[in-house]
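S.K.: Before anything else, here's the structure in question.
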Ligand SMILES: Cc1cc2nc3c(=O)[nH]c(=O)nc-3n(C[C@H](O)[C@H](O)[C@H](O)COP(=O)(O)OP(=O)(O)OC[C@H]3O[C@@H](n4cnc5c(N)ncnc54)[C@H](O)[C@@H]3O)c2cc1C
């Protein structure tokens, strides 16, 4: 089998790339073993550049803002092409501080976010409950960040897959074991069943498993690690009206918990952040802690149905930034590994960043410059390139 481009990995990053590359006229094969453990299917679906903005992550904030700006038109086209609704919500994030210590920390973050030009509205406890009437009167106060959105990541992932298939992307259910190269030019991939797929351009988008793909520079493989997140999916009993309308991000005695409402009545409660390697078990302690913290701010959570517990692996990197591009000049393909591109390390924001990552990779594939916001996120910041495989 041959193609113009092989994409290794069919999470939201790989499928968004495959769809947009095929829409740009390229012949694309996507390879994924489809084990059902993609982080994309676990995520909470927050599109939250504002409430995710942290001290010292200015470059990440800029690419996340670009991502949010792009998400609306990308989702609209996706819904148009597939006829599937992706559950985009634009109500914003209500950040809640449970006690005075939590409030002081929230105020420091809010000052920082405002200094970056982001919109924030401080609210006392009563004003918080005016927005979300089921919040406990005990909350100390909060801040509304109206710039954040959310999407139903499972509906979004399903729509991407449908769009990709409609665009004639061929799907191979297998695992890429390595990138094949000769004379400094990529020539395709090897797959686990022993076969090869020929292509002059390869995009490795295998999430936290990117580190297992042979043929990538060793420093790059070492830079990507799994960061475990456990999360709960709750459902309203029949006839119960929605208990929240905004995404709520609460800090309860120094511990963060979020609740994300879906249009179809689901409420996502998440998430842990654990350095446990590729462990996908759900623990009793995590379920207890998430429910305890959620119920501290929103007691009515106890009346919802615990529909699903799950765990996923975020592709983390040493600087929390994504890794997008190639190994040549200007971050494009080239310099000893012509035709090799990677799109991974999206950590906590891969759903949000999937449209702009696809735009950047398609730009590289077609010889165009990507948006300037990608400059800090070259694979070269970790990989010395040729000779370090
Ligand atoms: C609990 C939790 C909550 C999150 N919440 C949010 C959120 O609110 N907002 C947000 O934007 N992001 C969130 N994220 C992060 C987001 O889920 C990830 O950044 C994103 O899903 C990464 O997408 P991906 O396609 O790179 O990886 P994945 O979705 O993990 O997909 C990787 C794919 O590669 C395939 N694969 C693996 N190895 C190979 C191989 N060798 N060959 C071929 N294919 C291979 C796998 O089968 C898989 O399908 C969350 C993550 C978690 C775990």
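The values are calculated or read from the model by the stated rules, or taken from the named source; none is laboratory data. Quick caveat: nothing in here was measured; it's all calculated off a predicted structure. Ideal geometry is used to build each Cβ from the backbone, glycine not excepted, and the neighbour counts take in all protein chains shown.
S.K.: Could you go through region 147-166 and let me know if any residue there is under 23 Å from residue 302 (Cα atoms) and either without any contact (Cβ under 8 Å) to a residue 24 or more places away in the chain or loosely packed, with under 15 Cβ neighbours inside 10 Å (or both).
M.R.: The answer is no, given that none of the residues of region 147-166 is under 23 Å from residue 302 (Cα atoms) and either without any contact (Cβ under 8 Å) to a residue 24 or more places away in the chain or loosely packed, with under 15 Cβ neighbours inside 10 Å (or both).
S.K.: Residue by residue through region 22-52, note down the ones that are part of a helix (DSSP H, G or I), more than 6 Å from the ligand (Cβ to nearest atom) and within 24 Å of residue 282 (Cβ to Cβ).
M.R.: Hit for region 22-52 is 41, nothing else.
S.K.: Next up: For region 219-231, give me each residue that is more than 11 Å from the ligand (Cβ to nearest atom), within 24 Å of residue 354 (Cβ to Cβ) and surrounded by fewer than 24 Cβ atoms within 10 Å (Cβ to Cβ). Can you show your working first?
M.R.: Keep residues of region 219-231 that are more than 11 Å from the ligand (Cβ to nearest atom), which gives 219-223, 225.
The next check asks that each one be within 24 Å of residue 354 (Cβ to Cβ); those that pass are 220-221, 223, 225.
Hits for region 219-231 are 221, 223, 225.
S.K.: Still on this structure: Could you tell me which of the residues 216, 180 is crowded, with 23+ Cβ neighbours inside 10 Å and at negative phi?
M.R.: 216
S.K.: Given the conditions (1) assigned to a loop (DSSP other than H, G, I, E, B); (2) away from the ligand (no atom under 11 Å from the Cβ); (3) crowded, with 24+ Cβ neighbours inside 10 Å, and given that residue 19 satisfies all but one, which numbered condition is not satisfied?
M.R.: (1)
S.K.: For a quick check of your reading of the model, give me the residue pairs whose first member lies in region 36-64 and is under 18 Å from residue 261 (Cα atoms) and in contact (Cβ under 8 Å) with a residue 40 or more places away in the chain, whose second is part of a loop (DSSP other than H, G, I, E, B) and within 6 Å of the ligand (Cβ to nearest atom), with beta-carbon atoms closer than 9 Å and at least 6 apart or on different chains.
M.R.: From residues that are under 18 Å from residue 261 (Cα atoms) and in contact (Cβ under 8 Å) with a residue 40 or more places away in the chain, the pairs are 40/10; 40/11; 41/11; 42/271; 43/271; 44/271.
S.K.: So, one more: Condition test on residue 271, is it out of contact with any helix residue (DSSP H, G or I) (no Cβ under 6 Å at 6 or more places or on another chain), more than 16 Å from the ligand (Cβ to nearest atom) and at pLDDT 95 or above?
M.R.: no
S.K.: Here is a follow-up. Just the residues that are within 15 Å of the ligand (Cβ to nearest atom) and more than 23 Å from the chain's Cα centre (by Cα), please, taken from region 136-171.
M.R.: Selection gives 170 alone.
S.K.: Among the residues of region 95-110, is any within 22 Å of the chain's Cα centre (by Cα), within 16 Å of the ligand (Cβ to nearest atom), within 22 Å of residue 245 (Cα to Cα) and crowded, with 18+ Cβ neighbours inside 10 Å?
M.R.: Checked region 95-110: at least one residue is within 22 Å of the chain's Cα centre (by Cα), within 16 Å of the ligand (Cβ to nearest atom), within 22 Å of residue 245 (Cα to Cα) and crowded, with 18+ Cβ neighbours inside 10 Å.
S.K.: Here is a check on your reading of the model: is residue 91 at pLDDT 95 or above, in a loop (DSSP other than H, G, I, E, B) and touching a strand residue (DSSP E or B) at 6+ places or on another chain (Cβ under 8 Å)?
M.R.: Criteria met by residue 91.
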